[in-house]
1. Need the full-extension length gain, ASP82 to VAL169, defined as separation in residues times 0.36 nm minus the C-alpha distance. One decimal, nm.
2. Can you give the FRET efficiency for ARG177 and GLN75, using 1/(1 + (r/R0)^6), R0 = 30 Å, r = Cβ-Cβ distance, to the nearest 0.05?
3. How much length, in nm to one decimal, is gained on full extension between TRP118 and ALA51, taken as 0.36 nm per residue of separation minus their Cα-Cα distance?
4. 222 nm [θ] for the chain, helices only, -39500 (n - 2.57) per DSSP H run of 4+, per residue, to 500?
5. Identify, among VAL191, ALA28, ALA48, the residue whose Cα sits farthest towards the positive end of the charge dipole of the range 2-221, taking +1 on the Cβ of Lys and Arg and -1 on the Cβ of Asp and Glu, with the dipole about the Cα centre.
6. For the range 89-151, state which trypsin sites (Lys or Arg not before Pro) are in a DSSP loop and have at most 16 other beta carbons lying within 10 Å of their beta carbon.
7. Bin width 10 Å, alpha-carbon pairs only: give the P(r) of the range 2-221 as whole percents, running from 0 to the bin holding the largest distance.
8. Extending each Cα 7 Å along its Cβ direction at ASP135 and THR101, get the distance between those two points in nm, one decimal.
Amino acid sequence: MILTIGNTKGGVGKTTLAVQLAITRALAGREVWLIDGDRQGTATVAIAARAENGRAPGIACAQYPDGSILRTQVQQQRGKWDDIVIDAGGRDSTALRAALTLTDVLVVPFAPRSYDVWALDDIAALVEEARSLRDGLQAFAVLNLADPGELSADNEEAAAAVADVPQFVYLPQPIRRRKAFSNAGGQGCSVHELTPRDPKACVELTTLAESVFNIQTIAFAR
């Protein structure tokens, strides 16, 4: 499966989510390739920290911020991996556009802020363009960096706003703003590997991962 975590809006936690999902799949025994499509290379740094800390399993990671190189490498090597996770940069980049023509599932994280919700229209236009070039692209929006409280008006309003963007299906498995996610990212590990563990963060990540990857399983079954 090829999964892209992308948005034209920066600061929505794409890299954290991409790294967490890639490690989650590797811990489940999958052969995973994480592609860093951002010139900042934050995902690459996180995976390097994982290797330096001696964590297993190791995660294969490559940085391809140029769209043509990203496309060529994925096309040539996709058969070697169970899952490819692409972290696309927070702007309308060649890497993001290339990823959209290759990916099976796009997950668009957005935060419960007005600017983030408004920006969904920009990435929706790119999804529409990509769908004109290939069939089968599934696109989902997920609330990331959500307010920690179970009852949050901002969370609910942001989630409801996705209904106005028909290119996306809303995944009701939010990732809340928790220190465990930033701490884990800095060490190149999953929240499941972090000590001490944050049970709520672990449940949120597991629930999202099961939802995202089961979506593709269902699609293949059809």
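1. Details: separation 87, 0.36 × 87 = 31.32 nm, distance 2.45 nm.
Length gained, ASP82 through VAL169: 28.9 nm.
2. Using R0 = 30 Å, I get an efficiency of 0.25.
3. 20.3 nm is the gain from fully extending TRP118 to ALA51.
4. Working: 9 runs with 103 residues, N = 222.
So the calculated ellipticity at 222 nm is -14000 deg cm²/dmol.
5. Ranked along the dipole, the leading option is ALA48.
6. Details: sites: ARG91, ARG97, ARG113, ARG131, ARG134; in loops: ARG91, ARG113, ARG134.
Listed in order of number, the matching sites are ARG91, ARG113, ARG134.
7. 8, 37, 39, 15, 1
8. Distance between the two pseudo-spin positions: 1.9 nm.
We did not get these values from a lab; they are worked out from the coordinates using the rules stated. Keep in mind it's a predicted model, so treat the numbers as computed, not measured. Methodologically, a virtual Cβ is constructed for each residue, glycine included, from the backbone with ideal geometry; neighbour enumeration extends over all protein chains shown.
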